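Asks: Here it is, the structure in full.
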Amino acid sequence: MCGIFGAICDGAVSNTLKALKLLEYRGYDSAGIAALRNDKIDVYKTEGRIAALQELMRGVPESDVAIGHTRWATHGSVCTANAHPFLSPDKKFAVVHNGIIENHLQLKRELGNVRFTSQTDSETVAYLLEKYFDGDVMRTLLTVARKLQGSFAIAVLALCERKIYALRSKSPLVVGTSADGVFLCSDVRCISRWASRVAVCPDGSAVEISADGVRIFDFSGAPIQPDFFVPERAEQAAGANGDFMLKEIFEIPHRLRLAKQGYVNGGGLRLSVAEARRFRRVYLIGCGTAHNSGLQAASSARRLLDVDLLPVVASEFIYGDYPVGADALAFLISQSGETADTVRAAERVASLGGVTYAVTNTSESSLAFACKYTANICAGGEYAVASTKAYNCQLMTLALLLSELGVLRGSVTAQSHAELLRNSDAVPDAVAQVLDKSADVARLAEEVARCKAVFFIGRTTDYPTACEGSLKLKEISYIHSEAYPAGELKHGTLALMESDVCVVAVSTDPALKGKTASSVTEVTARGARALSVAPYTFPDATPLVIPQTDPFVAAMVSVVPLQLLAYYTAKRLGRDVDKPRHLAKSVTVE
Ligand code: M6R
């Protein structure tokens with residue numbers, strides 16, 4: 001959600017343009033760059049994607065200091081005027097911002113009778129820098145920082161200083177250096193293309209980067225020693241057909257193996273027996289797909305654990321008065337580790353004395369820093385806005401962590417846990433068998449693309465899979481979709497069944513096959529079309545047959561046809577599958 005990049009290096013403008021292309025998944029409605037010249041700051045910005053900015057900037061002279069931004073609109077509509085960077089009225093400061101300045105209206109009033117050029121909260125920062133400038137940019141920046149409320153990662157160019165200044169509060173920001181220059185960025189994976197050493201800017205910090213290196217201060221002006229590490233070099237290449245999403249789905253078998261290895265090599269759960277036995281409730285907290293993985297893990301592990309497993313949407317958890325104390329363990333699930341709602345939820349758990357456990361794809365993320373323990377799901381960089389392989393890897397990691405929690409609590413035998421570890425080895429091959437049928441899924445997608453609504457149904461452990469299938473389909477195809485526990489349809493939703501409605505029934509538990517068969521018959525009897533995803537077939541549904549696996553791991557397999565179905569349906573409808581409308585990959589505002 002908004003990406004920012006800053007570079008002090010030869011060719012800073014073209015490097016910033018390249019970085020914005022890599023950050024585009026964070027927001028793609030408008031973009032811009034500010035370049036420092038000898039006697040002025042030039043700003044180039046436009047509505048649209050980075051390709052439009054590249055076009056606008058064709059032939060623009062280089063600079064050795066530049067900042068850039070790719071936007072996901074929060075305040076102010078999508079237009080060039082609201083694109084970043086913003087100049088101060090005297091044109092001595094240029095600002096890009098990721099986050100929300102919650103008190104911007106009050107700050108605008110304090111600024112008095114000035115004319116703003118945009119409807120954004122972010123422009124206020126440039127105006128405040130001009131107003132409070134006292135001859136020292138860092139001192140001024142700290143003055144401004146203390147006035148801002150909300151979340152912000154801000155990068156600033158100041159005329160005549162060959163430096164970039166920055167502020168970080170809640171929104172992500174990292175700095176990096178290499179023999180070629182000094183950089184700052186919203187994303188570790190992106191900056192690793194330029195920097196050989198990277199440091200995460202602490203929450204509540206002000207930063208100065210220059211050819212001399214990196215200086216970091218807290219908001220009172222006290223210096224902080226940057227904690228540099230060597231980042232993993234990340235490749236970021238779309239698949240052969242130009243999409244990230246399909247490539248990421250096809251990586252699932254490999255990534256599931258890595259997720260299991262990550263659990264084993266990372267030392268497993270790492271809780272003591274005494275700690276594990278102290279818990280009375282275990283929260284599984286996340287947003288979107290990460291919430292669905294919490295739902296799924298809770299549903300599968302419920303029979304294994306003598307403790308309440310409580311999946312909660314992160315934004316609800318923050319304000320919902322959920323009981324937390326020393327007897328609460330919270331798994332905070334997030335692919336990016338930067339989802340603001342999930343990070344706030346972790347902070348709430350920690351502040352109330354609960355134990356926080358990040359389950360994330362990004363070990364250097366804000367979430368990992370906010371939590372006592374971290375498990376890396378090892379899904380590798382995920383760039384399609386629709387999360388796929390991260391979901392499967394979250395399920396693998398959570399299944400193993402929860403089973404081990406059962407061992408420590410005495411409700412799961414060491415033998416059953418060992419059996420789960422063995423059974424999990426079969427999952428990648430089962431997923432590969434589903435992927436081999438992708439052409440069949442693509443054919444079914446032709447029909448789904450003609451539907452006006454699609455309902456996903458499942459019972460018990462299949463219901464979270466239905467939720468994830470529905471989320472996937474709606475977010476990239478824009479077809480109206482909902483998920484229901486299969487038995488719930490007859491309590492109202494059956495009224496919506498007609499010929500251009502499709503119902504996808506997920507069923508992995510042979511014991512519940514008959515019940516799901518009745519649900520399928522109820523919808524087809526009312527004219528709807530039915531598809532089934534199961535290791536068996538139903539008389540009234542077009543089948544997508546999947547391999548039979550251990551019920552504890554079945555969801556890692558049964559979701560794959562639904563991920564493919566969403567992909568092929570969206571493609572059939574000509575959607576931009578990797579960058580669906582109105583969305584962004586990493587939602588760093590509440
Ligand atoms: O990075 P996170 O896992 O915290 O992201 C959470 C959600 O924003 C994310 O899963 C979102 O729902 C995806 N677009 C779903 O495909």
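The values are calculated or read from the model by the stated rules, or taken from the named source; none is laboratory data. Just so we're clear, the structure is a prediction, and the values are computed from it rather than from any experiment. Methodologically, a virtual Cβ is constructed for each residue, glycine included, from the backbone with ideal geometry; neighbour enumeration extends over all protein chains shown. All accessible areas refer to the heavy atoms of the entire protein, side chains included, with ligands and DNA or RNA removed. Shrake-Rupley method; radii C 1.70, N 1.55, O 1.52, S 1.80 Å.
Asks: Can you pull out every residue in segment 449-476 that is among the hydroxyl-bearing types (Ser, Thr, Tyr) and in contact (Cβ under 8 Å) with a residue 40 or more places away in the chain?
Replies: In the first step, residues of segment 449-476 are kept if they are among the hydroxyl-bearing types (Ser, Thr, Tyr); the result is 460-461, 463, 465, 470.
The answer is 460, 461, 463, 465.
Asks: Moving on. Return the residues of segment 5-33 that are closer than 17 Å to residue 52 by Cβ and aliphatic (A, V, I, L, M); say none if nothing qualifies.
Replies: Of everything in segment 5-33, those that are closer than 17 Å to residue 52 by Cβ and aliphatic (A, V, I, L, M) turn out to be 13, 17, 19, 20, 22, 23, 31, 33.
Asks: Regarding segment 254-272, can at least one residue be identified that is open to solvent by less than 40 Å² (accessible area, probe 1.4 Å), within 16 Å of the ligand (Cβ to nearest atom), within 30 Å of residue 435 (Cα to Cα) and not in a helix (DSSP H, G or I)?
Replies: No, segment 254-272 has no match at all.
Asks: I'd like to check which strands (runs of 3 or more DSSP E) are fully inside segment 38-128 and have at least 3 residues that are open to solvent by 10 Å² or more (accessible area, probe 1.4 Å) and assigned by TED's automatic domain parsing to the domain that holds residue 15. Please lay out each step first, then the result.
Replies: Details: elements: 41-47, 65-71, 93-101.
The qualifying strands (runs of 3 or more DSSP E) are 41-47.
Asks: For segment 326-338: of the residues being at pLDDT 95 or above, under 15 Å from the mean Cα position of the chain (by Cα) and not small (Gly, Ala, Ser), which is surrounded by the fewest Cβ atoms within 10 Å (Cβ to Cβ)?
Replies: Only one residue fits best here, namely 335.
Asks: Same structure, new question: Just one of 461, 413 is under 26 Å from residue 290 (Cα atoms) and out of contact with any His (no Cβ under 8 Å at 6 or more places or on another chain); which is it?
Replies: Working: 413 fails: under 26 Å from residue 290 (Cα atoms).
Exactly one residue qualifies, and that residue is 461.
Asks: I'd like to verify a number: residues in segment 238-257 that are in contact with a Pro (Cβ under 7 Å, 6 or more places away or on another chain) and of a type in the set (D, E, K, R), how many?
Replies: 1
Asks: Continuing with this model, one more query. How many residues are open to solvent by less than 10 Å² (accessible area, probe 1.4 Å), within 14 Å of residue 505 (Cβ to Cβ) and either away from the ligand (no atom under 16 Å from the Cβ) or touching a Pro at 6+ places or on another chain (Cβ under 9 Å) (or both) if we restrict to segment 463-494?
Replies: Going through segment 463-494 one residue at a time, the tally reaches 4.
Asks: Hey, does segment 45-53 have a residue that's more than 20 Å from residue 587 (Cα to Cα), free of Cβ contacts under 8 Å to residues at least 24 places away in the same chain and hydrophobic (A, V, I, L, M, F, W, C)?
Replies: yes
Asks: I'm trying to understand the selection: among the residues of segment 561-590, which are more than 15 Å from the ligand (Cβ to nearest atom) and part of a loop (DSSP other than H, G, I, E, B)? First the steps, then the outcome.
Replies: As a first pass, look at segment 561-590 and keep what is more than 15 Å from the ligand (Cβ to nearest atom): 561, 568, 571-574.
Across segment 561-590, the qualifying residues are 573, 574.
Asks: Looking at this structure, is residue 209 of a type outside the set (S, T, N, Q), closer than 21 Å to residue 346 by Cα and either buried (at least 22 other Cβ atoms within 10 Å of the Cβ) or without any contact (Cβ under 8 Å) to a residue 40 or more places away in the chain (or both)?
Replies: Numbers: of a type outside the set (S, T, N, Q): yes; closer than 21 Å to residue 346 by Cα: no; either buried (at least 22 other Cβ atoms within 10 Å of the Cβ) or without any contact (Cβ under 8 Å) to a residue 40 or more places away in the chain (or both): yes.
Taking the combined requirement at face value, the residue does not satisfy it.
Asks: Out of all the residues in segment 503-560, which are of a type in the set (S, T, N, Q), outside any strand (DSSP E or B) and open to solvent by less than 30 Å² (accessible area, probe 1.4 Å)? Talk me through it step by step, then tell me what you get.
Replies: Taking segment 503-560 and keeping what is of a type in the set (S, T, N, Q), we get 507-508, 516, 518-519, 521, 524, 532, 537, 542, 548-549, 558.
Okay, now just the ones that are also outside any strand (DSSP E or B), so 507-508, 516, 518-519, 521, 524, 537, 548-549, 558.
If the condition is that a residue be of a type in the set (S, T, N, Q), outside any strand (DSSP E or B) and open to solvent by less than 30 Å² (accessible area, probe 1.4 Å), then 507, 508, 516, 519, 549, 558 are the ones that fit.
Asks: Among the listed residues 412, 434, 427, 454, identify the single one that is modelled with pLDDT of 95 or more, hydrophobic (A, V, I, L, M, F, W, C) and touching a Pro at 6+ places or on another chain (Cβ under 7 Å). Before the answer, list the steps.
Replies: On the way: 412 fails: touching a Pro at 6+ places or on another chain (Cβ under 7 Å); 427 fails: touching a Pro at 6+ places or on another chain (Cβ under 7 Å); 454 fails: touching a Pro at 6+ places or on another chain (Cβ under 7 Å).
The conditions single out 434.
Asks: Evaluate the following for residue 73: is it modelled with pLDDT of 95 or more and of a type in the set (A, V, I, L, M, F, W, C)? Give the derivation first.
Replies: Details: modelled with pLDDT of 95 or more: no; of a type in the set (A, V, I, L, M, F, W, C): yes.
No, not satisfied.
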